[in-house]
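Contents: one structure, followed by commentary.
The values are calculated or read from the model by the stated rules, or taken from the named source; none is laboratory data. Note that the structure is predicted; figures quoted are calculated from it, not measured. Virtual Cβ from ideal backbone geometry, glycine too; neighbours counted across all protein chains shown. Remember, those area values only see protein heavy atoms, side chains included, never the ligands or the DNA or RNA. Shrake-Rupley method; radii C 1.70, N 1.55, O 1.52, S 1.80 Å.
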Amino acid sequence: MAYLDNGNQIFKDARKNHYAVGAYNTNNLEWTRAILRAAEETRTPVLIQVSTGAAKYMGGYKIVKDIVEDTMDSMNISVPVVLNLDHGDFESAKECIALGYSSVMFDGHALPTDENLAKTKEIIKLAHERGISVEAEIGKIGENQGADGGELASVEDAKTFVAAGVDKLACGIGNIHGVYPEGWKGLNFDRLKEIADAVPVPLVLHGGSGIPEDQVKKAISLGISKVNINTEFQLAFQGATRKYFEAHKDEDKANKGYDPRKLLLPGTEAITDAMKEMIGWLGTPSIDEELKNAAFDRSSLNEE
Ligand code: G3H
Ligand code: ZN
C-alpha cells in the first residue's frame, strides 16, 4: 500500500546539505508514470504536485491522489514520494488536507498580507494536526508580465510566516512561471540571501523551468531546497510528440502508429529524460547514498 511522505525531513536535509529536490507537476496518468519512473530509476526522493487547474482537468483532487497512490503500487515505487497541492486556494487546501495529501501549498499572495497570514495560520493548524506539510508564498511569482519578474518577497514577511509555522516558503525573487521572456533580468540573489540568512526553513523556487543552470545552482547554494518544474516537461512532451507526428509515424497503419499508447510514448519518455537531467542539476542524492551516510554516522556514534 502506497505511503506518502510529508517531505519535512527530506527538504530540511536538502537545505542543510545544499542540494534541492524537484517538485514536479503532474497533468495526467502519463505524467505521473513518467515522474515516478525517473524518481525510481535514479533512486531519488520526489515531490509530485498538482495545480488546481490540472486537478480539475484530471477529475478532482481525489482522483489525482488515487492515481498517484495506485501508480506507486503498480510500479513498485520504493523511493519516498510527497504528494503536494500546488498553488492552492483556501478551499482547495482544506479539501486536500481532508483527502490526505501529505503536503499542501496555500498560495495567498494575492491577498493583503494580513489576510494571507491569517489564512495560512488556519491551514497550518488543520494540516499539522494531521502531520501534513505546509508551503506558503510571499511576494509574487511573475506571470509572463515582464523582464523583472513579480514583486520581491520581503525579509520581514519571511520572518513572520516562518514564525507562524510554515514548513517551506516560496519567495518571489524575480522568478516567473511559464517561458521566461526575452531580456529577463535573472534571479535576485541579494534578496534570496537576505531571506535565507533570516529564516532556516527550506526555500522554494517556483518557475524553475528555463532558468539557466548556473543560476539554479547558485540559488540552491544560498538556500533553495525545492525547485518547481512544470513548463520544462510540457515542452519536452511537446517536442517529442511533434517529432512523432512530423515523421508521420501516426500514419503508419501497419504498426498501429495511431494507437494512443504509441502516440503518447515519445512524449512520456521525454519527460522522464528531462527529469533525470534536472535531478543532476539539483544535486538530489539517491536514497541509497543517504542510507550509507546514515549508517556511517551511526557507526561513528557507537565507537565513542
Ligand atoms: O508551481 C509550479 C511551478 O512554479 C512551475 O513553474 O512554469 O517554470 O515550470 P514553471
Ligand atoms: Zn509555481
Subset of region 153-182 [open to solvent by 60 Å² or more (accessible area, probe 1.4 Å) and free of Cβ contacts under 8 Å to residues at least 40 places away in the same chain] = Glu156, Ala163, Glu182
inquiry  = As an exercise: evaluate Ile123 against (1) open to solvent by less than 10 Å² (accessible area, probe 1.4 Å); (2) within 22 Å of Leu83 (Cα to Cα); (3) within 16 Å of ligand 1 (Cβ to nearest atom) and give the number of the one condition it does not meet.
reply    = (3)
query = Is it true that Phe233 is farther than 24 Å from His18 by Cβ and away from ligand 1 (no atom under 16 Å from the Cβ)?
reply = no
message = Could you list, ordered by first residue, the pairs with Cβ atoms under 9 Å in which the first is in region 240-258 and under 20 Å from Thr272 (Cβ atoms) and the second is part of a loop (DSSP other than H, G, I, E, B), at least 6 apart or interchain?
response = Thr241/Leu264; Tyr244/Gly257; Lys249/Asn255; Lys249/Gly257
remark   = Conditions (1) on the phi < 0 side of the Ramachandran plot; (2) surrounded by fewer than 21 Cβ atoms within 10 Å (Cβ to Cβ); (3) among the small types (Gly, Ala, Ser) -> Ala136 fails only (2)
key: 1 or more residues crowded, with 20+ Cβ neighbours inside 10 Å, more than 16 Å from ligand 2 (Cβ to nearest atom) and at pLDDT 95 or above: qualifying helices (runs of 4 or more DSSP H) within region 185-295   = 189-198, 213-222, 231-246, 265-282
query = What number of residues in region 127-150 are under 19 Å from Val201 (Cβ atoms) and not in a loop (DSSP other than H, G, I, E, B)?
reply = 8
query = Pairs under 6 Å by beta carbon, first residue over 15 Å from Asn28 (Cα atoms) and at pLDDT 95 or above in region 69-85, partner of a type in the set (Val, Ile, Thr) and not in a loop (DSSP other than H, G, I, E, B), six or more apart or different chains?
reply = Val79/Ile287; Val81/Val46
